[in-house]
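Worksheet: one structure, shown below.
The values are calculated or read from the model by the stated rules, or taken from the named source; none is laboratory data. Being a predicted model, the structure only gives us computed values, none of them experimental. As a convention, Cβ positions derive from the backbone with ideal geometry for all residues, glycine included, and neighbour counts pool all protein chains shown.
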Amino acid sequence: MSRASPATRVRAGRRGARVQHWPRILWWVVLSAGLLPALWLGARTAGAFGGLGVNPIETLLTDSGTFTIIFLLLALSVTPLRRLTGQAPILRLRRMLGLLAFGYATAHFLIWLGVDLFFDWQLIIEDLTTRPFVMAGFAAWMILLLLAATSTRGAMTLLKRHWTRLHRLVYLAGILGVVHIVWLTRADYREVTLYALALATLLGMRLFWALRTPRKVRGEPARNGAG
Ligand code: HEM
């Protein structure tokens, strides 16, 4: 058996170092990019970049809501992207993108609660019980809250295989998010159509792979108990 020369070993070592480092660098790049919309919205709220326009509350709600759906769709893209590229380290981005989506959803929710409705509980209850688009958005946020709360290593260890099942609810959050936007859109459905198409594609891919892969390979018990 031929042994590698010292020069080959050094080159392989350097390649190994690169392989180890790029996921961490990518993680920081994606996190920094993910925080930019928050900084931009914060700066506009403080009056920079032309401020928030003639209807600041509407701008805050629309922009925070848009960032929420974009990060939710990005979080949902991670697994299909990993499957298509074969690059397992991409999976490290999933939790961070999901938490960014939750962060923007929480900002959006708090803007509605505090800036739009001035924490007037009567108005809040009325909105939550009579406006279907608010109900759908609230349900989506509750799911994201549950997923964020169980996104720790401790929760993963505790819930074992139930964790994966629980975290599939992210698709339901995506559906409710899109339904929320469809319901509140009064004209120009182009943007929400794009979100719906992206979500349908991601869901379709997952479904296609799930049906093609035998349960045993996916690590799930067979329904007939055969293992
Ligand atoms: C995953 C969760 C959510 C997503 C993806 C989302 C997304 C969005 C988007 C994109 C918009 C702007 C639509 C447009 O003007 O074209 C919006 C508006 C709005 N959202 Fe959400 N939202 C979510 C959760 C919530 C929650 C929890 C609430 C409150 C309980 C809420 C209340 C509102 C309100 C009041 C508006 C403004 C409606 C209007 O212009 O009349 N959303 N949302």
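Hey, does segment 150-157 have a residue that's more than 21 Å from L197 (Cα to Cα) and either touching a residue at least 40 places away in the same chain (Cβ under 8 Å) or within 16 Å of the ligand (Cβ to nearest atom) (or both)? Yes, segment 150-157 contains a residue that is more than 21 Å from L197 (Cα to Cα) and either touching a residue at least 40 places away in the same chain (Cβ under 8 Å) or within 16 Å of the ligand (Cβ to nearest atom) (or both). Check whether at least one residue in segment 199-219 is at pLDDT 95 or above, in a helix (DSSP H, G or I), of a type in the set (G, A, S) and away from the ligand (no atom under 16 Å from the Cβ), and report yes or no. Scanning segment 199-219 turns up at least one residue that is at pLDDT 95 or above, in a helix (DSSP H, G or I), of a type in the set (G, A, S) and away from the ligand (no atom under 16 Å from the Cβ).
The sole residue among L128, L123, L97, L110 that is within 30 Å of I25 (Cα to Cα), part of a helix (DSSP H, G or I) and out of contact with any Cys (no Cβ under 8 Å at 6 or more places or on another chain) is L97. Sub-6 Å Cβ pairs linking a first residue in segment 118-133 that is free of Cβ contacts under 8 Å to residues at least 60 places away in the same chain to a second residue that is within 12 Å of the ligand (Cβ to nearest atom) and not in a helix (DSSP H, G or I), at least 6 apart or interchain, are L123/L117; I124/L117, ordered by first then second residue.
Remark: pairs (first residue in segment 22-47, farther than 19 Å from G98 by Cα; second residue among the acidic types (D, E); Cβ separation under 9 Å; 6+ apart in sequence or on different chains) = W40/D63; L41/D63; R44/D63. Among the candidates V134, V115, V170, the residue that is part of a helix (DSSP H, G or I) and touching an Asp or Glu at 6+ places or on another chain (Cβ under 6 Å) is uniquely V134.
If the condition is being in contact (Cβ under 8 Å) with a residue 60 or more places away in the chain and among the basic types (K, R), then segment 48-86 contributes only R83.
Evaluated against (1) exposed (fewer than 15 other Cβ atoms within 10 Å of the Cβ); (2) part of a helix (DSSP H, G or I), A187 falls short on exactly one condition, (2).
Taking the numbered list (1) near the ligand (Cβ under 9 Å from one of its atoms); (2) within 16 Å of the chain's Cα centre (by Cα) in turn, L184 passes all entries but (2).
For segment 95-123, enumerate the residues that are within 8 Å of the ligand (Cβ to nearest atom) and either modelled with pLDDT under 95 or farther than 21 Å from T59 by Cβ (or both). Scanning segment 95-123 gives no hits.
Which of the residues spanning segment 43-73 are in a loop (DSSP other than H, G, I, E, B) and either touching a strand residue (DSSP E or B) at 6+ places or on another chain (Cβ under 9 Å) or of a type in the set (V, I, T) (or both)? Of everything in segment 43-73, just one residue is in a loop (DSSP other than H, G, I, E, B) and either touching a strand residue (DSSP E or B) at 6+ places or on another chain (Cβ under 9 Å) or of a type in the set (V, I, T) (or both), namely V54. Working only within segment 74-93, note down all residues that are in contact with a helix residue (DSSP H, G or I) (Cβ under 6 Å, 6 or more places away or on another chain) and either over 16 Å from L199 (Cβ atoms) or in a loop (DSSP other than H, G, I, E, B) (or both). If the condition is that a residue be in contact with a helix residue (DSSP H, G or I) (Cβ under 6 Å, 6 or more places away or on another chain) and either over 16 Å from L199 (Cβ atoms) or in a loop (DSSP other than H, G, I, E, B) (or both), then R82, P89, I90, L91, R92, L93 are the ones that fit.
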